[in-house]
1. At most 13 other Cβ atoms within 10 Å and a DSSP loop assignment: could you name the chymotrypsin sites (Phe, Trp or Tyr not before Pro) in segment B:9-116 that fit?
2. Select from segment B:92-173 those GluC sites (Glu not before Pro) which occupy a DSSP coil region and have at most 13 other Cβ atoms within 10 Å, ordered by residue number.
3. Rounded to whole Hz and in sequence order, give me ³J(HN,Hα) for segment B:236-253 from the Karplus expression 6.51 cos²θ - 1.76 cosθ + 1.60, θ = phi - 60°, writing x for Gly and Pro.
4. Can you give me the long-range amide H partners of residue A:189? Hydrogens built in the peptide plane at 1.01 Å from N, cutoff under 5 Å, separation of 5 or more residues or another chain.
5. By the scheme Lys and Arg +1, Asp and Glu -1, what is the net charge of all other residues having a beta-carbon under 14 Å from that of residue A:193?
6. Would you please put B:27-36, A:77-86 in order of how densely packed they are, using the mean number of other Cβ atoms within 10 angstrom per residue and starting with the highest?
7. Quickly estimate the mean residue ellipticity at 222 nm for the protein assembly as shown, helices only: each DSSP H run with n ≥ 4 gives -39500 (n - 2.57), and the total goes over all residues, rounded to 500.
8. Using the Cβ atoms and a cut-off under 11 Å, what net charge is assigned to the surroundings of residue A:30, where Lys and Arg are +1 and Asp and Glu are -1?
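Readers should treat all values here as calculations from the given coordinates under stated rules, not as data from a laboratory. Fair warning: this is a prediction, and the values are worked out from it, not measured in the lab. Glycine gets a Cβ as well: all are built from the backbone with ideal geometry, and neighbour counts include every protein chain shown.
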Amino acid sequence: MSVLRPARLAVVLLGLCCVVLATAALGLTAGPSPVGARDALHALLDPTLGGPAADIVRGIRLPRVVAALEVGACLAVAGVLFQALLRNPLADPFVLGISGGAALGGVGVLALGGGLGLGYAAVPPAAFAGALAATALLFGVAGLRGRLSSTTLLLTGVVFNAVASAAIIFLASLGGMAEGTSIFLWLIGSLASAHGELLGWIALLLAGGLACALPWARALNLLSLGEESAEQLGVAVERAKRVLLFSTALMVGAAVSVSGLIGFVGLIVPHALRLVLGPDHRLLVPAAALAGAAFLALCDTAARTLLPGRELPVGAITALAGGPLFLLLLRRQNRRGLLP
Amino acid sequence: MSERLALRGVSVRLGERPVLDGVDLEVRAGEVVGLLGRNGAGKTTLLRVASGLLRPAAGSVSIEGRDAGALRRRERARAVALVPQETAVDFPFSVAEVVLMGRTPHLGWLGFEGARDLAVARAAMERLGIAALAERSILELSGGERQLAVVARALAQEPRLLLLDEPTAFLDLRHRIEVLAHVRAFAAAGGGALVVSHDLGIAARFCDRLVLIARGRVLAVGTPAEVLVPARLREAFEIEAAVLAGPDGQPVVVPRALA
């Protein structure tokens with residue numbers, strides 16, 4: 001009888017750690033001026049090492065790779081948690097409009113907070129508050145009790161995102177941000193202007209989110225039998241939902257405050273993992289953190305290197321990959337008669 | 001301790017509407033009790049109260065002599081298992097994984113299943129004849145097979161009280177008899193079972209006692225022969241029915257017209 005054993009968990013997670021290291025190495029070495037793996041390693045290990053290669057690796061690429069790893073992990077884990085809580089494999093923080101709420105919070109503080117003396121450090125808390133508000137709104141509108149139908153999911157997501165984008169542009173105009181490309185990067189999602197000083201905070205939020213979510217991983221399995229069955233089997237369903245939605249808001253807020261609206265990572269990564277590893281959340285949640293990190297690091301390296309001499313926003317790449325997958329999943333649900 | 005479940009004067013309100021009104025009901029060890037009544041009579045609500053999912057507005061619920069409200073979740077989940085009418089699973093868990101979910105109240109804090117959990121789950125699947133399906137995705141099964149998996153999950157919980165809400169509504173005749181035979185075997189081993197059913201024939205054949213409810217109140221309690229009489233059926237179901245004697249002496253209800 002195939003069942004998750006701790007040994008399998010350890011082997012899979014160790015394997016994924018190796019993948020993360022490999023994608024990070026690629027991100028540090030690849031670029032307009034390639035750096036050898038040995039030189040990159042030296043630059044990392046010896047902070048006193050000077051020279052252009054060391055400056056590029058430490059000063060430019062390392063913060064960016066770390067940002068990609070953190071954001072990818074946050075978005076993928078949030079995706080897994082939303083899918084389990086809403087009992088719909090199409091749920092994703094971006095599709096649901098939760099990322100939109102977070103971005104609205106972040107841009108709001110940037111546009112209007114200057115007068116209050118709020119700097120960039122105020123962005124993560126504001127993005128977290130935005131994500132939390134969007135989650136509350138989603139539950140309020142959908143009158144959520146158990147499963148979220150795909151129709152409601154799509155409709156609320158479309159409206160949330162449209163309203164959030166409009167409000168972001170409005171706020172940015174008010175705050176005089178619309179001239180530059182920064183608003184464009186918030187809306188499409190990019191790591192090009194990831195603020196290095198936030199990365200420690202983001203890591204902390206990611207760790208906090210994971211620490212909240214992991215003890216409930218088995219409860220997430222039970223939730224897919226329905227809330228009443230889970231409750232009857234001894235799961236404190238209401239507490240589980242509160243803790244887990246709090247942790248998704250933490251992670252979405254963290255991700256969005258460094259990268260803006262990167263979409264579909266929370267859809268692609270969990271879906272691929274479920275195909276390979278099965279649906280057990282005890283494995284899926286930590287695996288999503290690692291695989292999401294690796295996936296976004298890879299996408300960001302592609303964004304930096306695909307077009308010589310210029311850079312794509314990474315959100316465009318994930319959307320190009322994720323959009324078709326979303327439609328495919330929707331079609332499969334349709335065929336199985338799971339809609340609306 | 002022979003009493004598995006006791007409801008005393010249980011009332012439940014949904015807004016202004018009373019759903020259950022002063023219900024008394026008992027399930028003793030070794031017996032299968034059938035719960036009959038029209039749609040909306042309060043059967044499912046009664047099961048939710050008995051399983052601890054719903055607190056009654058008035059009255060008391062005790063499980064094995066202890067107040068249900070005072071039981072910890074885990075204790076309650078070890079004592080009582082519930083098989084809902086239908087279980088929709090959203091992710092492709094294997095049948096074995098679904099059955100192992102029944103072990104939840106018995107697991108240690110790390111939440112990994114041990115050798116005994118696997119053995120109990122395997123035995124439950126073998127008992128229900130679905131061992132061959134263990135590795136199949138629950139999403140690929142027919143409705144009947146899925147329900148057998150859910151019953152196996154409830155048995156893997158090793159409860160002492162089994163609550164079943166129309167467990168056979170979507171099953172063919174063979175599967176119906178199979179599920180009820182397993183419920184009987186569960187009772188024979190010392191458990192108590194409360195089964196909601198719309199199938200009066202199955203209820204008469206497999207239950208020791210029947211409880212007939214209408215509009216939230218208990219109309220009649222007793223053996224199938226005592227409960228399934230034309231006057232009671234007219235009152236509870238608003239139908240005219242003839243009651244014949246079956247081959248084993250159990251009553252056979254033949255519905256004839258609206259009352």
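1. For chymotrypsin sites (Phe, Trp or Tyr not before Pro) across segment B:9-116 that sit outside H, G, I, E and B with at most 13 neighbouring Cβ atoms in 10 Å, the list reads B:109.
2. Within segment B:92-173, the qualifying GluC sites (Glu not before Pro) (loop, at most 13 other Cβ atoms within 10 Å) are B:135.
3. Karplus-based 3J(HN,Hα) across segment B:236-253 equals 7, 10, 6, 9, 8, 9, 9, 10, 10, 9, x, x, 9, x, 6, x, 10, 8 Hz.
4. A:261
5. Net of charged neighbours comes to -1.
6. A:77-86, B:27-36
7. Roughly -17500 deg cm²/dmol at 222 nm, from the helical runs in the protein assembly as shown.
8. +1
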